[in-house]
1. Only one residue in Leu11, Leu27 is under 19 Å from Arg82 (Cα atoms), in contact (Cβ under 8 Å) with a residue 60 or more places away in the chain and in contact with a helix residue (DSSP H, G or I) (Cβ under 7 Å, 6 or more places away or on another chain). Which one?
2. Across the range 10-42, what is the total count of residues that are part of a helix (DSSP H, G or I), farther than 13 Å from Ile120 by Cβ and of a type in the set (S, T, N, Q)?
3. Name the residues in the range 56-87 that are in contact with a Phe, Trp or Tyr (Cβ under 9 Å, 6 or more places away or on another chain) and of a type outside the set (A, V, I, L, M, F, W, C), would you?
4. What residue, among those in the range 47-80 that are hydrophobic (A, V, I, L, M, F, W, C) and assigned to a strand (DSSP E or B), is surrounded by the most Cβ atoms within 10 Å (Cβ to Cβ)?
5. Determine whether Thr24 is out of contact with any strand residue (DSSP E or B) (no Cβ under 8 Å at 6 or more places or on another chain) and under 27 Å from Leu137 (Cβ atoms).
6. Any chance you could count how many residues in the range 152-164 are of a type outside the set (A, V, I, L, M) and touching a strand residue (DSSP E or B) at 6+ places or on another chain (Cβ under 8 Å)?
7. Quickly run through the range 143-164 and pick out the residues that are at pLDDT 95 or above, among the aliphatic types (A, V, I, L, M) and assigned to a helix (DSSP H, G or I).
8. For residues that are modelled with pLDDT under 95 and outside any helix (DSSP H, G or I), scanning just the range 165-190, find the one that is nearest to Gly65 (Cα to Cα).
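The values are calculated or read from the model by the stated rules, or taken from the named source; none is laboratory data. Model, not experiment: these values are computed from the prediction. Counting neighbours? That spans all protein chains shown, and the Cβs are built from the backbone with ideal geometry, glycine included.
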Amino acid sequence: MGDAATKQQQLDELKAQIEAANVTPGLKAQATQLVFGDGNLAADIVFIGEAPGKNEDLQGIPFVGAAGKFLNEMLEMIDLKRTDIYITNIVKYRPPNNRDPLPDEKSAFLPYLQQQLDIIDPKLIVTLGRHSMDVLLPGLKISQVHGQPKRYHGRVYLPLFHPAAALYNGGMRQTLIDDFALIPAILQKI
């Protein structure tokens, strides 16, 4: 959908729209800043988490804490770097005390997320955790579908466990690493 400069301009306009529309004013009021997204605008893969945490809120970049470090390690395992992918969250402001994003907060940001995906136009969308999966692939259980690509509304999605959850659960960590290892083969099939 156009060159990098055009995409950057479209994303900048989208970010300005979110700020101007005062999406989730309660979250916005207590957040340091909007955490929009980061990475390669021509990426084949977009990773989507749930919402910014403390480090993300301070730096304005998604996945810069412990979960982000683990994500970077898994990317290296499949010969990718952070600069090869694009990463964002459904909810663009940090919920207080790292609570889960609420359903109305997720639905408020969904149209903007869809536009973000339309602009970047990746081959594969990887949902990290149940919150992003629930919004984009409603009605599925992550414990049953993790690591299984799903075609939905003309796009290919790969639901994965959230890296933060895997950091605290040893068994889930290996499952996430194994699922992550499938990404290159899935990309080749698309």
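1. Leu11
2. Qualifying residue count, the range 10-42: 2.
3. Glu56, Asp57, Gly60, Pro62, Lys69, Asn72, Arg82, Tyr86
4. If we take residues in the range 47-80 being hydrophobic (A, V, I, L, M, F, W, C) and assigned to a strand (DSSP E or B), then Phe47 is surrounded by the most Cβ atoms within 10 Å (Cβ to Cβ).
5. So Thr24 fits the description; yes.
6. 6
7. Residue satisfying the conditions is Val145 alone.
8. Selected residue: Asn169.
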